[in-house]
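Below is one structure, written out as structure tokens; comments come after it.
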Amino acid sequence: PSVDLVTIRALYNDKEIAFLMEWGDRFKDTVHNPDLEYKMPASYEGYVKWANLPQKPGNFRDSIALQFPVKMPEGTKRPHFFRGDSSSPVNLWLWKSDLEESNQPSVEDADASGPNQLKIQPQDTWHAKGKGVWNGGVWRVVIKRPLLTDDKNDIQFEKGKFIPFSLNVWDGSNGEHNLLMSLSTWNYVILEQSTPVTVWVYALFGVVGMVGVELWFVRRIRKP
């Protein structure tokens, strides 16, 4: 795989969260030819040599996916970073450059319960939206989504919780498609909880109280 670094930043408000992802890519690949795709064998007994893949612009699209667990894991347990498994499925937001180029919704909402078990959700249930721009050999992709949805297969962003996420990235001109990609292990994003106003009020009362006690103590000492 050719992509070895993606920088990612998150921004959120009371309703939505957005992720900005940036990575280097020499070619802007916005065409995808499914007839050239390699189908990964179910047994994984063999593997593909990159040199045998059709590696040139115009064969496969550039793409990136954010992956989250469907259910928040307990303790340190997490789904397998390679598309989860049957007991711990994952939710993916798949941005595809060919959809962006053709002015279609560019982020597909998908679920997976294993490497060969990816299922795209019906389009009317997609909640994530995205926009990608390629300039000077760098892709910049923004994906945003409401913090909470009514879909049981979507990750729900709750404040104060460490939410695992991982990345999948495809470089089309390098022959990358399907499970041939760069991928990361789990990282975390946390939506910090705002400090209640009462905390500041109590702190102010505490400071005022301490100052009052000190002044009383000083006056007592100074009395003849």
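Is there any pair linking a residue in the range 87-108 that is more than 16 Å from Asn168 (Cα to Cα) and touching a residue at least 12 places away in the same chain (Cβ under 8 Å) to one that is polar (S, T, N, Q) and open to solvent by less than 20 Å² (accessible area, probe 1.4 Å), with Cβ under 8 Å and at least six apart or on different chains, and which?
Glu100/Ser106
Do we have Trp126 as surrounded by 13 or more Cβ atoms within 10 Å (Cβ to Cβ), under 20 Å from Asp25 (Cα atoms) and touching a Pro at 6+ places or on another chain (Cβ under 9 Å) here?
Numbers: surrounded by 13 or more Cβ atoms within 10 Å (Cβ to Cβ): yes; under 20 Å from Asp25 (Cα atoms): no; touching a Pro at 6+ places or on another chain (Cβ under 9 Å): yes.
No.
For Phe157, all conditions in the list (1) in a strand (DSSP E or B); (2) over 20 Å from Leu179 (Cβ atoms); (3) open to solvent by less than 30 Å² (accessible area, probe 1.4 Å); (4) of a type in the set (A, V, I, L, M, F, W, C) hold save one; what is the number of the exception?
(1)
So Lys144 fits all but one of (1) open to solvent by less than 80 Å² (accessible area, probe 1.4 Å); (2) assigned to a strand (DSSP E or B); what number is the exception?
Tallying (1) open to solvent by less than 80 Å² (accessible area, probe 1.4 Å); (2) assigned to a strand (DSSP E or B), Lys144 fails exactly one: (1).
Residue check: is Asp111 open to solvent by less than 30 Å² (accessible area, probe 1.4 Å) and either among the charged types (D, E, K, R) or farther than 18 Å from Asn178 by Cβ (or both)?
So Asp111 passes the test.
Out of the residues in the range 1-27 meeting the condition of being over 14 Å from the mean Cα position of the chain (by Cα) and among the polar types (S, T, N, Q), tell me which one is surrounded by the fewest Cβ atoms within 10 Å (Cβ to Cβ).
Asn13
Identify all residues within the range 98-122 that are over 17 Å from the mean Cα position of the chain (by Cα) and either within 11 Å of Ser63 (Cα to Cα) or of a type in the set (Lys, Arg) (or both); write none if there are none.
Asp98, Leu99, Glu100, Lys119
Residues of the range 160-179 being at positive phi and open to solvent by 20 Å² or more (accessible area, probe 1.4 Å), which ones?
Hits for the range 160-179 are Gly160, Asn178.
The values are calculated or read from the model by the stated rules, or taken from the named source; none is laboratory data. Quick caveat: nothing in here was measured; it's all calculated off a predicted structure. Positions of Cβ are backbone-derived with ideal geometry, glycine not excepted, and every protein chain shown enters the neighbour counts. In case anyone asks, the SASA skips ligands and DNA or RNA and just uses the protein heavy atoms, side chains included. Shrake-Rupley method; radii C 1.70, N 1.55, O 1.52, S 1.80 Å.
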